[in-house]
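Participant: Pasting a structure here, questions to come.
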Amino acid sequence: MTRDEINACFDRRRKAWDDRDARTLAADYAPHAVVESPMGGTHEGRDAIETVLQAFFDAFVDIKVTSDRLLIDGEAVVQIRSVEGTHIGVFLGLQPTGKPFHFTSAILYDLQDGQIVRERRIYDFTGLLVQIGALKAKPV
């Protein structure tokens, strides 16, 4: 993919995130793609990736994802994102707390033949659980 094609892909993905459209997001992955996430674990295949994305959208129906930076090196891409929302739906078996959250994430993508073949998400999952009230932070 050219730099322009990669930028266009990530512009399309931004709109799909804004629309909470798991199907459109999943369509960017190769059939055998692998996603590694602190929250969802490791998932392989477009259908599994779509299922996890939809579960995320169902738990955080007001989710807002903002791309802060996109670094492109050939077919390797790193995206720095800000993620915020409210725990409104069931999340990993946790009933909704109504609490807001915000975190920054780094997403590493490997692209091949115009599709994502590997995605690795890096963020503070424990911090998210504290923010939504699933874990208690130890007082300092």
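The values are calculated or read from the model by the stated rules, or taken from the named source; none is laboratory data. Please read all numbers here as calculations on a predicted model, not as lab measurements. Note: ideal-geometry Cβ built from the backbone for every residue, glycine included; neighbour counts use all protein chains shown.
Participant: From the list Glu44, Glu50, which residue is out of contact with any helix residue (DSSP H, G or I) (no Cβ under 9 Å at 6 or more places or on another chain) and charged (D, E, K, R)?
Facilitator: On inspection, the qualifying residue turns out to be Glu44.
Participant: Scan (1) farther than 21 Å from Ala76 by Cα; (2) surrounded by 18 or more Cβ atoms within 10 Å (Cβ to Cβ) for the single condition Trp17 breaks and write down its number.
Facilitator: Failing condition for Trp17: (1).
Participant: Return only the number of the condition from (1) surrounded by 15 or more Cβ atoms within 10 Å (Cβ to Cβ); (2) assigned to a loop (DSSP other than H, G, I, E, B); (3) hydrophobic (A, V, I, L, M, F, W, C) that Val140 does not satisfy.
Facilitator: (1)
Participant: Between a residue in segment 34-57 that is within 24 Å of Gln95 (Cβ to Cβ) and any residue that is at pLDDT 90 or above and part of a loop (DSSP other than H, G, I, E, B), which pairs come within a Cβ distance under 6 Å, given they are 6 or more apart or on different chains?
Facilitator: Matching pairs, first to second residue: Phe57/Arg20.
Participant: Out of Gly114, Gly89, report the one residue that is within 17 Å of Arg12 (Cα to Cα) and touching a residue at least 12 places away in the same chain (Cβ under 8 Å).
Facilitator: Selected residue: Gly114, the only one of Gly114, Gly89 that is within 17 Å of Arg12 (Cα to Cα) and touching a residue at least 12 places away in the same chain (Cβ under 8 Å).
Participant: Can I ask one more? Please give the number of the condition Phe10 fails out of (1) out of contact with any Leu (no Cβ under 8 Å at 6 or more places or on another chain); (2) of a type outside the set (S, T, N, Q); (3) under 17 Å from Gln112 (Cβ atoms); (4) surrounded by 14 or more Cβ atoms within 10 Å (Cβ to Cβ).
Facilitator: Result: Phe10 passes all but (1).
Participant: Within segment 29-42, does at least one residue satisfy the condition of being among the aromatic types (Phe, Trp, Tyr), assigned to a strand (DSSP E or B), at pLDDT 95 or above and surrounded by 15 or more Cβ atoms within 10 Å (Cβ to Cβ)?
Facilitator: Within segment 29-42, one or more residues are among the aromatic types (Phe, Trp, Tyr), assigned to a strand (DSSP E or B), at pLDDT 95 or above and surrounded by 15 or more Cβ atoms within 10 Å (Cβ to Cβ).
Participant: Please go through segment 73-94 and pick out each residue that is more than 30 Å from Asp4 (Cα to Cα) and modelled with pLDDT of 95 or more.
Facilitator: Of everything in segment 73-94, nothing turns out to be more than 30 Å from Asp4 (Cα to Cα) and modelled with pLDDT of 95 or more.
Participant: While we're on this one: Name every residue in segment 61-114 that is buried (at least 17 other Cβ atoms within 10 Å of the Cβ) and among the hydroxyl-bearing types (Ser, Thr, Tyr), in order of residue number.
Facilitator: Within segment 61-114, Thr86, Ser105, Tyr109 qualify.
Participant: Also, I was wondering about something else. I'm checking my understanding of the structure. Among residues of segment 68-126 that are assigned to a loop (DSSP other than H, G, I, E, B) and among the hydroxyl-bearing types (Ser, Thr, Tyr), which one is farthest from Ile49 (Cα to Cα)?
Facilitator: Thr97
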